[in-house]
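J.: Mind having a look at this structure? Questions to follow.
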Amino acid sequence: MSEHNTEKPQVTDVVVRISRCAKVVKGGRRFSFSALVVAGDGHGTVGIGLGKAKEVPATIKKGQKKALKNLVKVHVADGTIPHAVKGRFGSTTVLLFPASVGTGVIACSAVRSVVEKAGVHNLLTKIHGSTNPVNVVKATLNGLEQLKNKKEVERLRGVTI
């Protein structure tokens with residue numbers, strides 16, 4: 001009986017931001033929290049989740065659950081993305097450009113967390129519009145979802161490249 005190595009890469013997550021919200025009531029302020037969590041395996045699978053609760057640990061746990069439910073596959077080629085792409089969410093536009101080996105991820109912390117969990121190690125980025133971390137993360141994921149590999153482009157155009 002031969003053993004096959006069919007282990008899936010381990011999905012890990014990172015908390016991008018924890019926000020505190022205050023509701024003013026008769027007795028004072030009631031605080032609630034929201035946590036933005038990014039999960040990924042570092043091999044082309046990434047997801048985001050926004051959890052909300054009255055306590056921080058419960059908030060993070062909810063965000064992790066949502067991120068694991070929303071995992072999507074993205075195309076990664078040699079540690080970078082196959083082509084330049086523009087991701088949009090709300091008033092935020094994130095431009096993602098492929099970079100040569102050794103460049104690293106030139107991006108803000110919100111974009112960095114998403115692309116590193118997706119397995120991208122060399123990338124250039126530019127953000128236009130709102131820099132709210134929630135919008136930036138969602139716009140980045142929107143851009144990554146638009147990526148196409150060489151085979152898909154050949155099939156769509158009906159030519160060989």
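The values are calculated or read from the model by the stated rules, or taken from the named source; none is laboratory data. Here the structure is a predicted model, which means the values were calculated and not measured. Ideal geometry is used to build each Cβ from the backbone, glycine not excepted, and the neighbour counts take in all protein chains shown.
J.: Pro98 fails exactly one of the following numbered conditions: (1) touching a helix residue (DSSP H, G or I) at 6+ places or on another chain (Cβ under 8 Å); (2) surrounded by 16 or more Cβ atoms within 10 Å (Cβ to Cβ). What is the number of that condition?
T.: Tallying (1) touching a helix residue (DSSP H, G or I) at 6+ places or on another chain (Cβ under 8 Å); (2) surrounded by 16 or more Cβ atoms within 10 Å (Cβ to Cβ), Pro98 fails exactly one: (1).
J.: Taking the condition modelled with pLDDT of 90 or more and under 18 Å from Asn142 (Cα atoms), does Val74 pass? Before the answer, list the steps.
T.: On the way: modelled with pLDDT of 90 or more: yes; under 18 Å from Asn142 (Cα atoms): yes.
Yes; evaluated as a whole, the condition is true for this residue.
J.: A further question follows. Within the range 15-24, does at least one residue satisfy the condition of being out of contact with any helix residue (DSSP H, G or I) (no Cβ under 6 Å at 6 or more places or on another chain), buried (at least 19 other Cβ atoms within 10 Å of the Cβ) and either in the same structural domain as Pro98 (by TED's automatic domain parsing) or within 30 Å of Asn149 (Cβ to Cβ) (or both)?
T.: The answer is no, given that none of the residues of the range 15-24 is out of contact with any helix residue (DSSP H, G or I) (no Cβ under 6 Å at 6 or more places or on another chain), buried (at least 19 other Cβ atoms within 10 Å of the Cβ) and either in the same structural domain as Pro98 (by TED's automatic domain parsing) or within 30 Å of Asn149 (Cβ to Cβ) (or both).
J.: Could you identify the single residue in Gly42, Gly63 that is under 30 Å from Phe97 (Cα atoms), in a loop (DSSP other than H, G, I, E, B), among the small types (Gly, Ala, Ser) and touching a residue at least 12 places away in the same chain (Cβ under 8 Å)? Quick ask: steps written out before the conclusion?
T.: On the way: Gly63 fails: in a loop (DSSP other than H, G, I, E, B).
Residue meeting the stated conditions: Gly42.
J.: Using the structure shown, decide if Gly119 is in the same structural domain as Val16 (by TED's automatic domain parsing), under 18 Å from Gln10 (Cβ atoms) and within 14 Å of the chain's Cα centre (by Cα).
T.: On the way: in the same structural domain as Val16 (by TED's automatic domain parsing): no; under 18 Å from Gln10 (Cβ atoms): yes; within 14 Å of the chain's Cα centre (by Cα): yes.
Taking the combined requirement at face value, the residue does not satisfy it.
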